[in-house]
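Coordinate-derived values only; no laboratory data. This is a predicted model, so every value here is computed, not measured. No Cβ is skipped: glycine too gets one built from the backbone with ideal geometry, and neighbour counts run over all protein chains shown.
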Amino acid sequence: MRGQQWKSARSAWESVLRLEPENAAALSNLGKVQYQLAEYEAARGSLEKATTLKPDLADSWLTLGQVYLELKAPMMAVSATTRGVAENPADPRAHNSLAIILKRIGWTNGAEVELQKALDLDPDYTEAHFNLAVMYLERKPPSLEMAGRHYRKARALGAAPDEIVEQQIRGESGVEESEISENEAPVGGASRKAVPPPKPTRATPVDPPEAPAQPSAKKPSPPRKSTPP
């Protein structure tokens, strides 16, 4: 998984499950790998079984939320991701993931609250600053001062420049409601490399940066401010 050798990883986890069919961590990891391979129905089955066997394994819920999004079930995605946040409320990436899903269903106030929670946990969380900047630009009227503040902070933390956001902050282009990409990476799991979309015509909230997968431990650790499983 860390080497992103997804087909080999799938075979390895399937071998584990032939020996231990009720191993929740192995099911969770298999679900993450199946997500990477775009095997969404299979991932759903693996992750739903994992959450049934071990409902306190937060990253299983978070990855399941991303799978539900791919299966066009946004309310189920909200439910699963909310449960993942509840199981590990100290993970800022989980709050960012929930914010993206809430925005997808049109609950912008809730999305802003979740992004602020992510920043309360990690004031230097680059993606949350960028996403808040985008959301402030989408207010009617846009909150240009707040958007500029969070965008500058994101840039100071290493975010790449975004010409569209900068134009909007300067008031040089109209602000339209942004859409969330269909390629959210599973917070709490490995990121799936997506084909870059065409150059956007407006700013779009970003997901957590892609990182090597971290397989779930067989026994989850207590809630903490953690790196993605």
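Things worth noting here:
- Sparse-neighbour loop sites [trypsin sites (Lys or Arg not before Pro); segment 72-121; at most 11 other C-beta within 10 Å; DSSP]: K72
- Applying the criteria of a DSSP loop state and at most 13 other Cβ atoms within 10 Å to the GluC sites (Glu not before Pro) of segment 1-84 yields E22.
- Every Cα-Cα pair of segment 5-115 was included, and the share exceeding 21 Å stands at 35 percent.
- Segment 50-109 and segment 141-163: distance between their alpha carbon centers, rounded to Å: 26
- Residue exposure sequence - S11, S28, S79 - by fewest surrounding Cβ within 10 Å: S11, S79, S28
- Computed on segment 89-172, with alpha-carbon pairs under 8 angstrom and 6+ residues apart, the relative contact order is 23 percent.
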